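The values are calculated or read from the model by the stated rules, or taken from the named source; none is laboratory data. Source: prediction; values computed, not measured. In this analysis, Cβ positions are derived from the backbone assuming ideal geometry, glycine residues included, and neighbour counts consider all displayed protein chains. For accessibility, only protein heavy atoms count, side chains too; no ligands or nucleic acids. Shrake-Rupley method; radii C 1.70, N 1.55, O 1.52, S 1.80 Å.
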Amino acid sequence: MKAMVLAAGRGERMRPLTDQLPKPLLTVAGKPLIAYHLEGLGRAGVSDVVINLSWLGSKIRDSLGDGSRYGVRIVYSDEGPVPFETGGGIFHALPLLGSAPFLVVNGDTWTDVDFAKLEIDTEAHARLVLVPNPAHHPRGDFAIVDGNVVERETDLSTYSGIGLYRPEFFHDCSPGRFPLLPLLKRAIAAGKVRGQVHRGEWLDVGSPERLAELDARVSARTSRTV
């Protein structure tokens with residue numbers, strides 16, 4: 001299985017930290033945030049990783065190189081100066097991802113999800129990893145009923161930014177900028193999206209304060225194991 005790590009965004013909520021450094025390269029315990037994902041993918045046996053680039057993309061390419069130090073092979077999907085948003089970015093990278101199901105991971109999250117244990121049903125076009133709603137997103141996004149992701153008003157969980165997708169999920173799409181959510185809603189309405197709730201570690205590193213808290217926690221944990 002191949003994977004795509006989303007890394008093209010501007011990181012507006014993280015400014016001024018992201019004025020000179022792309023968000024995935026912000027460090028946690030001395031290591032770039034995106035490096036934890038690459039190591040996790042390597043441990044899971046995912047050898048081929050696509051990373052999309054836009055804002056300060058050359059710095060990501062220079063930092064990560066071909067991925068060999070993380071146990072993966074990286075190819076880059078360059079979107080130019082204006083990112084294509086999540087849906088458009090994945091669609092743009094489909095020629096690099098191939099015809100089989102692939103994994104998508106938001107590059108600005110922190111998690112202990114075991115990528116090796118994620119599987120997609122034969123009839124599904126996507127499988128989403130949901131998490132309990134964090135304080136900054138209390139309402140949530142979707143619910144899971146009998147293994148199916150559904151839209152409703154109560155008992156919702158939050159989409160983690162981690163999911164398995166088939167290329168068929170993007171049928172009828174055209175090149176350019178577009179979000180992922182309308183495609184998710186379309187596939188959910190068609191009964192083509194499965195899901196699971198991850199109750200381990202997960203954090204949307206969406207503010208300098210959350211980054212600082214995560215850095216302190218992981219640094220303390222690392223120092224205890226040295």
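Some observations on this one:
- Percent of beta bridges antiparallel (DSSP, the chain, rounded to nearest 5): 50 percent
- Largest first, the residues His92, His37, His125 sort by 1.4 Å accessible area into His92, His125, His37.
- Net length gained if the chain between Arg13 and Val197 were fully extended (0.36 nm per residue, minus Cα distance): 63.6 nm
- Signed unit charges on C-beta, dipole axis of the chain, positive-most listed residue Phe102, Gly57, Ala187: Gly57
- Solvent exposure of the chain as accessible area per residue, Å², 1.4 Å probe: 47 Å²
- The modelled label-to-label distance for the pair Asn133/Cys173, using points 7 Å beyond Cα in the direction of Cβ, is 2.8 nm.
- Counted over all Cα-Cα pairs of the range 72-183, pairs farther apart than 16 Å make up 65 percent.
- A simple rule links phi to the HN-Hα coupling: the Karplus curve 6.51 cos²θ - 1.76 cosθ + 1.60 with θ = phi - 60°, which for the range 81-94 gives x, 10, x, 8, 6, 5, x, x, x, 5, 4, 4, 8, 3 Hz, with x for Gly and Pro.
- With N counted as the residues of the range 31-100, its alpha-carbon radius of gyration over 2.2 N^0.38 Å works out to 1.09.
- Its Cα centre serving as origin, the range 33-141 has a Cβ charge dipole (Lys and Arg +1, Asp and Glu -1) of approximately 200 debye.
- Sum of -39500 (n - 2.57) over DSSP H runs of 4+, divided by residues of the chain (222 nm, nearest 500): -8000 deg cm²/dmol
- Count of Lys pairs (Cα-Cα under 20 Å; at least 8 positions apart or interchain) in the chain: 5
- Computed Rg/Rh of the range 1-75, alpha carbon atoms with Kirkwood Rh: 0.96
- Taking all pairs of distinct alpha-carbon atoms in the chain, Kirkwood radius in angstrom: 17.9 Å
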